[in-house]
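The values are calculated or read from the model by the stated rules, or taken from the named source; none is laboratory data. For clarity, every value in this text was computed on a predicted model and none was experimentally measured. Cβ placement follows ideal geometry from the backbone for every residue including glycine, while neighbour counts extend to all protein chains displayed.
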Amino acid sequence: MKLTITGTPGTGKSTVARILSKKLGLPIYNISEVVKKEKLYSEFDERRDAFIVDIEKLENFFEDKKDFIAEGLVAHYISSDILVILRVNPEKISERLAGRGYSEEKIKENEEAERFAVIATEAVENPKAKRILHIDTTNRTPEEIVELILKGLSGEEVFEEIDWLE
Ligand SMILES: Nc1ncnc2c1ncn2[C@@H]1O[C@H](COP(=O)(O)OP(=O)(O)O)[C@@H](O)[C@H]1O
Ligand SMILES: [Mg+2]
């Protein structure tokens, strides 16, 4: 099974992926690590202090892989059986990102991106997954989120109504 997990930084992708990987026995690919290691970028963005992912190279890297969890903020560009979009109340982003050494500006950018559903919209508008789960992580433990994902995997619809602008 090909399972991808996307979301704004701090939504809990890596945490949920670790638990799911143990439960399902699937290897995890952390996309930022893979992008660096396999040089799947086009250039380095000095201002953002981040590599610009070359989506075509990313797709090619995963093309011949059958069973995996890929997690990262461009995971929704990878073809998969199921895509999980994690969301969190933007007010929680700064505490979720505490200890990561991000600048105030970078934290604000991520709060805004989550508020305006930048990644979720990208993901829903460019479907590369057979199915999509959409989950609010704000008041749930990682274990509870994993339970919901397992329900989704068993065929239940898990697509929550989430709009931080309301
Ligand atoms: N459901 C959750 N509730 C509370 N804290 C969480 C939850 N999921 C993750 N965290 C915490 O938030 C921080 C960011 O989680 P992480 O998995 O690294 O997010 P991401 O990989 O999406 O950037 C970590 O400190 C993690 O322990
Ligand atoms: Mg992560």
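Quick look at the values:
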{"item": "Flag if residue 111 is over 12 Å from the mean Cα position of the chain (by Cα), more than 22 Å from residue 4 (Cβ to Cβ), away from ligand 2 (no atom under 16 Å from the Cβ) and buried (at least 16 other Cβ atoms within 10 Å of the Cβ)", "result": "yes"}
{"item": "Single condition residue 10 does not satisfy, out of (1) out of contact with any Lys or Arg (no Cβ under 7 Å at 6 or more places or on another chain); (2) crowded, with 21+ Cβ neighbours inside 10 Å", "result": "(1)"}
{"item": "Residue among 3, 86, 20, 73 that alone is assigned to a helix (DSSP H, G or I), within 16 Å of ligand 2 (Cβ to nearest atom), within 18 Å of residue 129 (Cβ to Cβ) and under 14 Å from the mean Cα position of the chain (by Cα)", "result": "20"}
{"item": "Residues that are closer than 20 Å to residue 75 by Cβ, out of contact with any helix residue (DSSP H, G or I) (no Cβ under 8 Å at 6 or more places or on another chain) and at pLDDT 95 or above, drawn from the range 90-117", "result": "96, 109, 116, 117"}
{"item": "Tally of residues being away from ligand 2 (no atom under 16 Å from the Cβ), part of a helix (DSSP H, G or I) and of a type in the set (A, V, I, L, M, F, W, C) across the range 23-39", "result": "1"}
{"item": "Single match in 94, 42 (criterion: assigned to a helix (DSSP H, G or I), of a type in the set (Gly, Ala, Ser) and over 24 Å from residue 155 (Cα atoms))", "result": "94"}
{"item": "Out of 33, 59, sole residue that is without any contact (Cβ under 8 Å) to a residue 40 or more places away in the chain, surrounded by fewer than 16 Cβ atoms within 10 Å (Cβ to Cβ) and more than 16 Å from ligand 1 (Cβ to nearest atom)", "result": "59"}
